[in-house]
Amino acid sequence: MINIATLVKERSSLGNYFAPDAYVKGEFEFGLIENRSGSRLLALPHTLLQAIYTGLEQEVGQEGSGLVMFNCGRWWGKSFFKRFAEEVGEYYGKPIAQMEMVEFLQCVKQCWKTHGWGVIDIDFDFYQKGFLAVKVENSAFARVAPSGKQPMCFFEAGILSAFFSQLTGRNLHCVQTACESMGAECNFFILGLAERLESVEAWREEGHDHNKIMELLCGN
């Protein structure tokens with residue numbers, strides 16, 4: 001298991017691996033886009049993502065479609081983290097557990113931006129309480145999510161769940177507390193053990209915002 005505190009090490013002088021001008025390559029006239037390690041990238045149009053939301057909801061209902069998308073995000077997130085760790089570790093010449101915290105967080109933020117997923121900010125202030133808080137602005141997933149009475153970025157929550165489960169060595173669940181598709185300024189997520197997050201959705205439905213939910217969680 002990776003202890004977050006062990007990420008603080010001597011800073012590398014190398015530039016950011018996910019800098020867009022260096023990370024995205026390919027022969028665009030042939031429709032080939034690759035990252036700097038040679039793995040192929042795929043650009044997904046908004047209409048396709050909207051169709052996935054609509055098609056799943058028609059087939060299995062809103063609750064069922066949310067579960068399917070969350071699990072898809074988790075499976076993809078596991079593979080994505082593995083590739084992230086391998087590529088970043090090779091580039092910096094050390095495993096991510098030995099990276100300085102600032103350097104590691106910058107990699108994650110630039111990774112999200114370069115892949116077009118939005119601007120991510122990770123709050124470790126609640127780590128000693130057993131929780132991580134994540135904020136995403138301009139989320140690509142919220143932009144195509146249908147508006148409703150609950151947050152709809154299940155795919156994004158699944159990715160975060162898998163990514164930080166792999167990072168910490170714990171099986172972390174992820175619950176969304178605010179969503180841009182509902183008019184919020186950003187997406188908010190909370191990660192922690194599933195049994196400790198059971199009350200979050202009820203608190204959200206009662207009208208509590210993200211900050212209040214964090215207070216209730218950490219006070220329990």
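Can you list residue pairs whose Cβ atoms sit under 8 Å apart, with the first residue in segment 88-117 being part of a loop (DSSP other than H, G, I, E, B) and open to solvent by 20 Å² or more (accessible area, probe 1.4 Å) and the second being among the acidic types (Asp, Glu) and at pLDDT below 90? Count only pairs 6 or more apart in sequence or on different chains.
GLU100/GLU10
Listed residues ALA97, ALA142; which is of a type outside the set (Val, Ile, Thr) and either within 11 Å of the chain's Cα centre (by Cα) or over 25 Å from PRO45 (Cα atoms) (or both)?
The unique qualifying residue is ALA97.
If a residue has to be at pLDDT 85 or above, under 27 Å from GLY26 (Cα atoms) and exposed (fewer than 14 other Cβ atoms within 10 Å of the Cβ) to count, how many in segment 43-87 make the cut?
Count: 7.
The values are calculated or read from the model by the stated rules, or taken from the named source; none is laboratory data. Note that this is a predicted model, so its numbers are computed, not measured. Please note: Cβ atoms are built from the backbone with ideal geometry, for glycine as well, and neighbour counts cover all protein chains shown. Side chains included, ligands, DNA and RNA excluded: accessible areas come from the protein's heavy atoms. Shrake-Rupley method; radii C 1.70, N 1.55, O 1.52, S 1.80 Å.
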